[in-house]
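Encoded as structure tokens, the structure appears first; notes follow it.
What follows draws every value from the coordinates through simple rules; no lab data is involved. These numbers were taken from a predicted model, which means no experiment stands behind them. Positions of Cβ are backbone-derived with ideal geometry, glycine not excepted, and every protein chain shown enters the neighbour counts.
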Amino acid sequence: MTVSDLASDAPWWTSATVYQIYPRSFADSDGDGMGDLGGIIARLDHLERLGVDVVWLSPIYRSPQDDNGYDISDYERIDPAFGAEEQLDALIAGLHERGIKLVMDLVVNHTSDEHEWFLESRSSRDNPKRDWYWWRDQPTDWVSFFSGSTWEFDQATGQYYLHLFSRKQPDLNWENPQVREAVYAMMRRWLDRGVDGFRMDVINLISKVVPLQDAHGDLFAQTFNGPRIHEFLHEMHREVFAGREAQLITVGEMPGSTIEQARLYTDPARAEVDMIFQFEHVDLDSGPLGKWDLRPLHLPRLKACLARWQEGLAEVGWNSLYWDNHDQPRAVSRFGDDDPEWRERSAKTLATVLHLHRGTPYVYQGEELGMTNVAFGSLDDIRDIESINYYAEAVRDGADPADVLRSIRAKGRDNARTPVQWDAGPQAGFTTGEPWIAVNPNFTEINAAAQVDDPDSVFAHYARLIALRHDDATVALGEFRLLLPDHETVWAFIRTRGDDQLLVLANLSREAVELTVADLADVGGPGSWLGAEVISATATDGGMPRAPRFESTRLDGWSAVVLRRVG
Ligand code: ISL
């Protein structure tokens, strides 16, 4: 019996890796400068070679594109800018042929203001769908995630409607059972069409404290993880997933959720969601004023954060693991070192650390190539509504435009949204036309063509880590214990499953480190690891760990090794 036979009763997604596609920036097949379904279909081999199990597709539904598709005007039709209906079916088939599942983005906290439901709702005060959204005579004091009031006055009927995000994203009223039934019916039709699950956009915002009241600066208390959230998610599970859940995967995007809440959301016995995206580790470099208030990242805090989530969901529930996505800066620029000399090594080191945690890893397009943030020159280079609104508001309120741009360069969502760098040709092979957002100028250095056949590339390293999770039950399921919590540059932890033990050692700095006897005392001292089998290393020759046995306790700058105790 192999180790992985022991894992056969665990859900399939415990050994799976998810790849996120942000379609507008992935690959363009028709030369209009915007990525599309045809572009994805043409690049399926890339995903197959990487070895991912699931694709999460950011929204491709009909949308005015005020928030790049997170403002949906028809949940069941493909936006013509992304392609034809048949192409989505072809994508599902193409992925399934390769053994890859498809997860759709479910954006049901809000619709577009151009959705038929909202058009009806706003048409008159006595329209049957009036109550599908939040209408009031007077606004509350709430401030939108995208700046300004969350309330927009609507001339036609003389009331205000609620939008936590842009004014083109009115919030649905989940208190109304008809709204919930309409959403569940739509979800069932997607499952019938062949999709394998949902990533649920800001799903912990759907239950608000009613009646809506002033927040006095604490919008969180009014709208996050509200009083009926567990009831709604359980109802959704019953109405949509029950009976077919074994094949599916569900992940709730849940900013502001604590470990205690995550245990409730992801406890299989409660039948809500399989896992959530928590935000604690991506908030560590923000100050009290929010994401634009830049703070240095302190490694012991980052390690402690992920370790708490590992421990908190060890007995009940499950973690999702991510460094970045379409809303976050690029991992290698934020948590690693994107200086050309260190970029590849730090990208591999970060990948090793994340993929050796217990949970389901998510790889955001381009992360597997070590793509970096962009040095946006001026506001003209920015496309994201969040950054544009923030700039206008901050400068209006007297901030120095240079400081504002500095924050946007560090944290702006466009960092993740520049086109995937496929090759060193014009527009990085993304489009034959003019891309909707400029290609990162480093594409001649960093691109897929230069990496996919190179066994020592960042891409190859990701592929090996993804395969390792498939093959090694200790990687997928082993218990986690953090070592050296206070060490400023070393990230070390142990994974244990029965008699099997893996030790992960990573150096997250340019300076080489020599681990001392004391450092390893907790795991039997260096003597019990020297000679251990190296099952993954950032330093490779032809794809093989440069040293197949662990020979010295020195860790080079930005390097990682994974050791299996022998005997
Ligand atoms: O990126 C953010 C702003 O800093 C987050 O607060 C983000 O808005 C939040 O994570 C919710 O994100 C999701 O819903 C938004 C959409 O703009 C994001 O792209 C999506 O991931 C509204 O649908």
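Points to keep in mind about this one:
- Rg and Dmax of the stretch 455-567, based on Cα coordinates, read 13.4, 35 Å.
- In the chain, helical runs assigned H by DSSP with n ≥ 4 each contribute -39500 (n - 2.57); averaged across all residues and rounded to the nearest 500, the mean residue ellipticity at 222 nm is -7500 deg cm²/dmol.
- Debye-sum result for the stretch 347-416 in log10 I(q)/I(0), which assumes one identical scatterer on each alpha carbon, at q = 0.20, 0.21, 0.28 Å⁻¹: -0.82, -0.86, -1.23
- Taking only the Cα atoms of the stretch 182-270, the radius of gyration and Dmax are 14.3, 45 Å.
- Taking a point 7 Å out from the Cα of residue 444 in the direction of its Cβ, the residues of the stretch 318-345 whose backbone N falls within less than 16 Å of it are 340.
- 100, 40 arranged by Cβ crowding within 10 Å, fewest neighbours leading: 100, 40
- In plain terms, the residue of 388, 466 with the fewest other Cβ atoms within 10 Å comes first and the most crowded comes last, giving 388, 466.
- Length added when fully stretched, residue 467-residue 258, from 0.36 nm per residue minus Cα-Cα: 72.2 nm
- Spread of Cα-to-Cα distances over 10 Å intervals beginning at zero, given as percent, for the chain: 3, 17, 28, 28, 16, 6, 1, 0
- The peptide list 554-564, 209-219, put in order of mean Cβ contacts within 10 Å with the highest first, becomes 554-564, 209-219.
- When only alpha carbons of the stretch 17-113 are considered, Rg and Dmax amount to 12.9, 40 Å.
- Fewest-first sequence of 565, 98 by Cβ atoms within 10 Å of each Cβ: 98, 565
- Under the Debye formula (equal points on every Cα, no solvent term), log10 I(q)/I(0) of the stretch 258-297 at q = 0.19, 0.23, 0.24, 0.27 Å⁻¹: -0.61, -0.71, -0.73, -0.82
- Sorted on the mean count of surrounding Cβ atoms within 10 Å across their residues, most packed first, peptides 331-340, 84-93 read 331-340, 84-93.
- Residue 433 sits among other residues whose Cβ lies under 15 Å from its own Cβ, and their net charge, with Lys and Arg +1 and Asp and Glu -1, is -4.
- In this simple spin-label approximation, residue 30 and residue 453 carry label points 7 Å from Cα along the Cα→Cβ vector, and these lie 3.3 nm apart.
- Using a cut-off of 27 Å between Cα atoms, the listed pairs 303/348; 101/348; 168/303; 208/303 include 168/303; 208/303 as exceeding that distance.
- A compact globular protein would have a Cα radius of gyration near 2.2 N^0.38 Å; the ratio found for the stretch 116-162 is 1.14.
- At an R0 of 51 angstrom, the distance between the Cβ atoms of residue 380 and residue 552 translates into a FRET efficiency of 0.50.
- Using a Förster distance of 35 Å, the FRET efficiency for residue 410-residue 126 (Cβ separation, nearest 0.05): 0.10
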